[in-house]
Each structure stands twice: as structure tokens, then as C-alpha cells.
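Structure first, then comments.
The values are calculated or read from the model by the stated rules, or taken from the named source; none is laboratory data. The model shown is predicted, which means the values in this text are computed figures rather than measured ones. Cβ: placed from backbone, ideal geometry, glycine included. Neighbour counts: every protein chain shown. Side chains are part of the model used for accessible areas, which takes the heavy atoms of the whole protein and leaves out ligands, DNA and RNA. Shrake-Rupley method; radii C 1.70, N 1.55, O 1.52, S 1.80 Å.
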Amino acid sequence: MTSTITSYQTKLSVVYQDFTKFNLSVLENLTFKENTTDKIINKVHKILEIVGMNEYIDQLNNGLYSLLGRYFQGGNELSGGQWQKVALARGLYKNGDILILDEPSSALDPISEKMIFENILSKHEGTILFITHRLGIAALADKIVVMEKGHIVEVGNHDELLKNQGVYSRMYEAQTEWYTNEMQREKKNGFNNVG
């Protein structure tokens, strides 16, 4: 059997860091279809639950049929994190064998990030490839490939890479130190919530 670009495209779902914000309905943002069936609507509800957007969407005047963005009258503008959740939902809707996520949580707070990616990892049946500098997500992976200056410098799981005390370990310790210092500053200034 010969492979074509189309056959590869049907197997891949990709969510980029710089995703597109479509001024369409919630349903059209995920499916790119105007006509839907009960099966499609049920699938969309399940995906919105995975990314933590179901309650918000249910509160909109027209639910799944509510317009997103401000381009059209009556549209609902979303925060950066909410738009990122819609982009993630779009990638999940396609349900490709391989889900590629390029810095998929840059606009998410750490609590949402953890919840969403634990949900995705437990419910997506295919392979997931994360490209990230946020090592909290990387710690959830079965295998981590560390690249530096375009070359692979380490491969292993989170625990193995921490023991190696290489590039990954240094990055992880730096991020942990930053978050710890940030939390201490917030406590000192009277803030209890992060994000």
C-alpha cells in the first residue's frame, strides 16, 4: 500500500502554541461542520469536559452554538487560556493516531495544565508527542527526549533523567526553584492563590 500525504494527515492531530482563534460557534470551532448529529454533540461534550470547558460553555446563552470571539455581534471573547483549551479540544476532536502538542499549555495556569493533561493522557488512545519547556508536563511522559542546540542529549523517563543530573535535571531544578520562590513571594505579600 502506498502512503500519501492525505493518509498521513488523517492520522495526525496537531495543536500549535500559536493556534488560530476562529470566530465561529463552539461546535464549529471543534468540528468545522454546521450540521451535526447527536453522536457528534456527545463527542464534543466529552472533549470539552476533558479540557475543562464544559461548564463555561454550558453557561453561554446558546451553549455549543454560541459564537466565540468579538468579530460578530453577540460573540463571546475568551481568555488566552480558554482559547488554548478550545484549540486543544479541536485537536482531540480529530482523534488522530498521533496527537502532537507544541507548547500546548503556554496560556494555562499550572492547576488547569495538570488537570487537562492528566485527562488527555488517560483518555487518548493513540500516541501523544509533547513539545514543551514546562517540565511539569514532561514528568507525566513515558519517555522524554531532551534536545539541546538541535541535538538529542538525553533520553529516559522523569526519574531516570533526574538521576542523570544532566540538562533535564538542571532545567527541572531551575523551574522548581522558580515556582518555590514565586510561592514564597506571594505568601509574603498576602496572596494565597496562584494563577
Taking amide H positions as placed in the peptide plane 1.01 Å from N, state which residues far from I100 in sequence (5 or more) or on other chains have amide H under 5 Å from it. S13, V14, V15, L129
Rounded to the nearest 500, what is the chain's calculated 222 nm mean residue ellipticity when only DSSP H runs of at least 4 contribute -39500 (n - 2.57) each, over all residues? -14500 deg cm²/dmol
Which value does Rg/Rh take for region 26-98 over its C-alpha atoms, Rh per Kirkwood? 0.94
Each label sits 7 Å from Cα toward the beta-carbon; between T127 and K188 the label points are separated, in nm, by 4.7
With a 1.4 Å probe and every protein chain kept in, tell me what percent of the accessible surface of the chain is carbon plus sulfur. 51
Filter on K39/K143; K143/K188; K114/K188; K39/K114; K43/K149; K123/K149 - keep pairs with C-alpha separation over 31 Å: K39/K143; K143/K188; K43/K149; K123/K149
Over the chain, what is the percentage of antiparallel beta bridges among all DSSP beta bridges, to the nearest 5? 40
Bin width 5 Å, alpha-carbon pairs only: give the P(r) of region 117-165 as whole percents, running from 0 to the bin holding the largest distance. 5, 18, 30, 25, 13, 8, 2
Rg/Rh of the chain (Cα atoms, Kirkwood Rh), to two decimals, equals 1.02
Size of charge dipole - the chain - debye, nearest 20, with Cβ of Lys, Arg +1 and Asp, Glu -1, no other charges: 220
Expressed in nm², what is the orientationally averaged projection area of the convex hull enclosing the Cα positions of region 85-188? 7.5
Whole-Hz ³J(HN,Hα) from phi, Karplus 6.51 cos²θ - 1.76 cosθ + 1.60, for region 89-105, glycine and proline x: 4, 4, x, 5, 4, 4, 6, x, 4, 10, 9, 9, 10, 9, 6, x, 10
Kindly provide the trypsin sites (Lys or Arg not before Pro) of region 4-41 that DSSP labels as loop, not H, G, I, E or B, and whose Cβ sees at most 11 other Cβ atoms within 10 Å. K33
Calculated P(r) of region 67-110 - Cα pairs past 18 Å, %: 39
